[in-house]
Every structure is written in structure tokens, then in C-alpha cells.
1. Return yes when GLY64 is on the phi > 0 side of the Ramachandran plot, out of contact with any strand residue (DSSP E or B) (no Cβ under 8 Å at 6 or more places or on another chain) and not hydrophobic (A, V, I, L, M, F, W, C) and no when it is not.
2. Which of (1) assigned to a strand (DSSP E or B); (2) out of contact with any helix residue (DSSP H, G or I) (no Cβ under 7 Å at 6 or more places or on another chain) does GLY113 not meet, given it meets every other one?
3. Could you list all residues from region 111-138 that are open to solvent by less than 10 Å² (accessible area, probe 1.4 Å), farther than 14 Å from ALA150 by Cβ and in contact (Cβ under 8 Å) with a residue 40 or more places away in the chain?
4. For region 16-58, which residues satisfy the criterion of being in contact with a Ser or Thr (Cβ under 6 Å, 6 or more places away or on another chain) and either modelled with pLDDT under 85 or more than 20 Å from ILE130 (Cα to Cα) (or both)?
5. Could you go through region 137-156 and let me know if any residue there is at pLDDT 90 or above and either more than 21 Å from the chain's Cα centre (by Cα) or part of a strand (DSSP E or B) (or both).
6. Give region 92-101 a look and list any residue that's open to solvent by 60 Å² or more (accessible area, probe 1.4 Å) and assigned to a loop (DSSP other than H, G, I, E, B), or say none.
7. Return the residue satisfying two criteria in turn: it lies in region 59-68 and is modelled with pLDDT of 90 or more and either in a strand (DSSP E or B) or under 18 Å from GLY125 (Cβ atoms) (or both), and of such residues it is farthest from the chain's Cα centre (by Cα).
8. When you look at PHE86, is it of a type in the set (A, V, I, L, M, F, W, C), crowded, with 20+ Cβ neighbours inside 10 Å and more than 14 Å from ASP45 (Cβ to Cβ), yes or no?
Amino acid sequence: MTGQISSDMLEFLTQEGGARHGSDFLKALASHLGQSLDVDYVLIDRLSGDPNVASIIACYTRDGSVLEGSYRLEGTPCENVIGKSFCLYPSGVRGLFPNDTVLADMSAESYVGLPLWGSRGNALGLIAAIDRKPMISAEPVATVMRLAAARAATEIERHGVEVELARSSAYNRGVIDASPDAMFVVDTLGRVIDVNDAAEELTGSPRAELVH
């Protein structure tokens, strides 16, 4: 059984990993994981600017409801996962975390979670499977979730890099356009790859015609 679930996950990652990216892929991953493990909930969370706050970026619910928003980690099983290791509560999880209102709303009985690590060893977030019944065996759950966690971490980190690049590009664009002098940005082959507003005014040509 464990081998079949793992094979299904590897096939999913191979097929969907190249076809989808970002939130679309993470949502598909959460859904596939939830159905494979036959659990009621799967959450993929990312740490926000506050290390004590996590944001739900993808989820699966058996009943089709949507879980979203941010929550504080204190007093939740997720607090024991972030930046640490595999964490399993096979039964009675609500009794262990009586202040976790999300678990109460879910009528959760069992919980398993794994941290998501960046390529530099930094904590990115977590992935968790939650069920309304006890988890009889942790082995198939742990194996498949490790596969899912590795791919989820890669996707979250890639998205973070893209956001930073976009911010950097926007900043550089602002700096270039703020200059009163005509500026031409060229690559190593001498091709013009960008110009500023002053360059357009100087040449009388739009950026689209100046950039090659």
C-alpha cells in the first residue's frame, strides 16, 4: 500500500510538476495528497514576515470548503513543526492543543506535519495532513508527505525568488526613469535591452523601437 501511494505521488509530481506552477500547482498537490492519504484536510502554509504567523497558501478539504487566511502558531501543533522535524499525533490531537480553535472547528482527531525547508536551510513553512479519525499507521503518511514537502518547498522558494526579482526590477525601473539623463542599457553583445524615458525623449523613438 505504501509503495503504491508513493508511486502515485511520484507520477503526479512528474506530470503536474512541469505543467503547473505557483498556487495552481500547490493546490493540486494538496488535493492529490489529501485524496491519496484519505484524510479530511491538507494544509500548505508559508511563514509570513512574523515567524510566529503562518499563512495558508493551499488547502484540500474533503467537503470542498475553503480554508484561507493567517493564524498564529502558538498553541497549535504547527508550532512544533516549523523549523523542526516530522511531527505526528495519531489520535487525541484536540485534547493536546485545547486552545487551537481551528482543530476544534475541524473536529480533528489526528495530525501529521512536516516543515518546509529552503535550499539554504531556512524554514519556509509547513505541510500538514489532518483527519477526523485516528491515523492507524504513520509509515505511508510519512513517506508520501516527505515527497510532497520537498516539492512544495521548491515551489514556495521559487515563487519567493520571482517576487524579489520583480521588486528589484521595479526598483531599477524607477531609478532609471528618474534620471534626467538619457540611459541605454546594453548586454554583453552590445544590444540595447532597456532605455529610460529621457532616452525616448532624446531620440524621439518609443522604447519598443529602441530595444532589440
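1. Against the criterion (on the phi > 0 side of the Ramachandran plot, out of contact with any strand residue (DSSP E or B) (no Cβ under 8 Å at 6 or more places or on another chain) and not hydrophobic (A, V, I, L, M, F, W, C)), GLY64 qualifies.
2. The number of the failed condition is (2).
3. Scanning region 111-138 gives ALA128, ALA129, ILE130, ASP131.
4. SER48 - this is the single residue of region 16-58 that is in contact with a Ser or Thr (Cβ under 6 Å, 6 or more places away or on another chain) and either modelled with pLDDT under 85 or more than 20 Å from ILE130 (Cα to Cα) (or both).
5. Scanning region 137-156 turns up no residue that is at pLDDT 90 or above and either more than 21 Å from the chain's Cα centre (by Cα) or part of a strand (DSSP E or B) (or both).
6. If the condition is that a residue be open to solvent by 60 Å² or more (accessible area, probe 1.4 Å) and assigned to a loop (DSSP other than H, G, I, E, B), then PRO98, ASN99 are the ones that fit.
7. Per the stated criteria, the residue is THR61.
8. no
The values are calculated or read from the model by the stated rules, or taken from the named source; none is laboratory data. Just so we're clear, the structure is a prediction, and the values are computed from it rather than from any experiment. Heads up, the Cβs are rebuilt from the backbone with ideal geometry, glycines too, and the neighbour counts pull from every protein chain shown. Note: accessible area is taken over every heavy atom of the protein model, side chains too, but ligands, DNA and RNA are not part of it. Shrake-Rupley method; radii C 1.70, N 1.55, O 1.52, S 1.80 Å.
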